[in-house]
Amino acid sequence: MTRKQRMLRELSAAQFAKWELHLYLDTHPSDMRAAALFAEYEKKCEAMRAAYEEEFGPLTAPTGEGAEWLKNPWPWDIERCD
């Protein structure tokens, strides 16, 4: 397994744990231990994502003003002059 694959697998596992804690907290909002663990995983996921993106590039396409692919014209908007 490459370093890239290992980092993605570890990030995925951390995100899964964070999501499961999120679901648990929906039904157990007063569980402070789970809330603290969720916050820990949130920070861990953020750090792991930043480390991955620093080494291998972004995990998702950019959105907003910096996203060139969102700007007009779209390919089907261009008229051909054949």
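The values are calculated or read from the model by the stated rules, or taken from the named source; none is laboratory data. What you see is a predicted model, and the numbers here were worked out from it, not measured in a lab. These area figures cover heavy atoms from the full protein model, side chains too; ligands, DNA and RNA do not enter into them. Shrake-Rupley method; radii C 1.70, N 1.55, O 1.52, S 1.80 Å.
When all alpha carbon pairs of region 1-52 are counted in 5 Å bins from zero, the resulting P(r) reads 5, 22, 26, 19, 13, 9, 5, 2, 0 %.
In the context of the full protein assembly, MET32 retains an accessible surface of approximately 120 Å², using a probe radius of 1.4 Å and ignoring ligands and nucleic acids.
Full extension of the chain segment joining LEU8 with ASN72 gains 19.7 nm, where the gain is 0.36 nm per residue of separation less the Cα-Cα distance.
Residues whose amide H comes within less than 5 Å of that of ASP31, counting only those at least five positions distant or on another chain, are absent (H built at 1.01 Å from N in the peptide plane).
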